[in-house]
Amino acid sequence: MKIFVIVLVLLASIPVCSQTVKVAAAANLRFVFEEIKTAYESANPNEKISVNFGSSGALFQQILNGADFDIFMSADNSYPAKLKENGSFSGELQIYALGKLVLWSNTLDVSYGLKVLEESAVKHIVVAKPELAPYGDRALECLKNAGLFEKIKHKIIYADNISQTAQFAQTGNAEVAFLAMSLTLTPEMKGSVFIPDPKSYKPIEQSMLLLKTRNENTTAEKFMKFILSEKCKTIFARKGYFVTGKQTHFD
């Protein structure tokens with residue numbers, strides 16, 4: 001009996017090892033993810049979330065090349081779908097939010113619409129590379145549907161991801177930028193915003209995929225369920241996304 005008690009005391013004195021969930025996340029999630037991460041870790045102090053931000057296309061390629069991630073949070077559903085088609089991952093695609101495309105400037109008034117792009121004051125329009133970033137792809141689709149792409153394509157410069165796109169416009173390397181709404185809601189991104197008609201581009205169905213089984217990382221599935229929770233829906237809505245059942249200030 002004494003030995004049994006001693007063993008229990010020794011086991012109780014051993015610190016609980018934290019389990020880390022490694023997430024590959026689209027660059028537009030940079031600000032919203034920090035709040036989600038903080039909320040989860042506060043409720044689960046023995047579990048840690050590590051995140052690597054980048055363009056969805058670049059992260060997709062890293063995963064194909066064997067990068068060690070537990071969850072892939074893409075800016076749309078095409079890259080997670082390609083991973084499933086590849087046959088390497090069997091998890092279900094989950095849409096966690098719908099993205100909103102906006103035109104933004106901190107030097108010009110863009111509030112009256114896309115026609116501003118034809119003005120002589122606009123010399124550079126920065127867009128995320130469409131082959132890597134869904135928001136860049138939707139920006140070009142929006143311009144083409146508005147009949148503007150051929151007229152202003154000589155002004156377009158391309159950034160590697162949506163965060164770099166915001167940085168280019170913020171620092172004056174371009175007068176205007178096509179951005180994710182979520183990136184324009186921070187204090188340092190004060191400026192003029194125009195929201196194109198969402199019908200002018202394919203829906204930005206931001207989706208995620210579980211890359212590891214429960215045996216490989218027991219916490220990854222739990223964190224993924226948290227991202228889909230009502231608590232996180234409220235966070236996404238407040239940070240510039242549309243989610244089912246939540247109204248946002250730009251709807």
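Restricting to region 123-155, name every residue that is part of a helix (DSSP H, G or I), over 22 Å from A58 (Cβ atoms) and in contact (Cβ under 8 Å) with a residue 24 or more places away in the chain.
C142, L143, N145, K151, I152, K155
Looking at the structure I just gave you, is E175 touching a Lys or Arg at 6+ places or on another chain (Cβ under 9 Å), of a type in the set (D, E) and over 30 Å from K115 (Cβ atoms)?
Judged against the criteria, E175 is not a match.
Can you spot a residue in region 78-92 that is at pLDDT 95 or above and not β-branched (V, I, T)?
No - not one qualifying residue is present in region 78-92.
Could you list, in sequence order, all residues of region 37-92 that are more than 17 Å from the chain's Cα centre (by Cα) and crowded, with 21+ Cβ neighbours inside 10 Å?
Once the filter is applied, which keeps residues that are more than 17 Å from the chain's Cα centre (by Cα) and crowded, with 21+ Cβ neighbours inside 10 Å, region 37-92 yields only Y40.
How many residues, within region 177-214, are part of a helix (DSSP H, G or I) and surrounded by 15 or more Cβ atoms within 10 Å (Cβ to Cβ)?
Qualifying residue count for the region: 7.
Answer yes or no as to whether N217 is modelled with pLDDT under 95, over 19 Å from the mean Cα position of the chain (by Cα), buried (at least 17 other Cβ atoms within 10 Å of the Cβ) and within 25 Å of M73 (Cα to Cα).
Considered against the rule, which asks whether it is modelled with pLDDT under 95, over 19 Å from the mean Cα position of the chain (by Cα), buried (at least 17 other Cβ atoms within 10 Å of the Cβ) and within 25 Å of M73 (Cα to Cα), N217 comes out as yes.
For the subset of region 107-134 comprising residues that are crowded, with 18+ Cβ neighbours inside 10 Å and closer than 22 Å to P187 by Cβ, which member is nearest to the chain's Cα centre (by Cα)?
It comes out as V126.
Please give the helices (runs of 4 or more DSSP H) falling wholly within region 25-107 in which 2 or more residues are of a type in the set (F, W, Y).
Here the list reads 30-43.
Any residue that is in the same structural domain as K233 (by TED's automatic domain parsing) and at positive phi - is there at least one of those in region 86-95?
Yes, some residue in region 86-95 is in the same structural domain as K233 (by TED's automatic domain parsing) and at positive phi.
Might you check whether a residue that is touching a Ser or Thr at 6+ places or on another chain (Cβ under 9 Å) and either closer than 20 Å to G113 by Cβ or assigned to a strand (DSSP E or B) (or both) occurs anywhere in region 156-167?
There is at least one residue in region 156-167 that is touching a Ser or Thr at 6+ places or on another chain (Cβ under 9 Å) and either closer than 20 Å to G113 by Cβ or assigned to a strand (DSSP E or B) (or both).
Please go through (1) closer than 21 Å to V116 by Cα; (2) not assigned by TED's automatic domain parsing to the domain that holds T107 for V193 and return the number of the only condition it doesn't satisfy.
Result: V193 fails condition (2) only.
The values are calculated or read from the model by the stated rules, or taken from the named source; none is laboratory data. This one's a predicted model, so the numbers in the text were calculated from it and none came from an experiment. With ideal geometry, Cβ positions are generated from the backbone for all residues, glycine too; neighbour counts draw on all protein chains shown.
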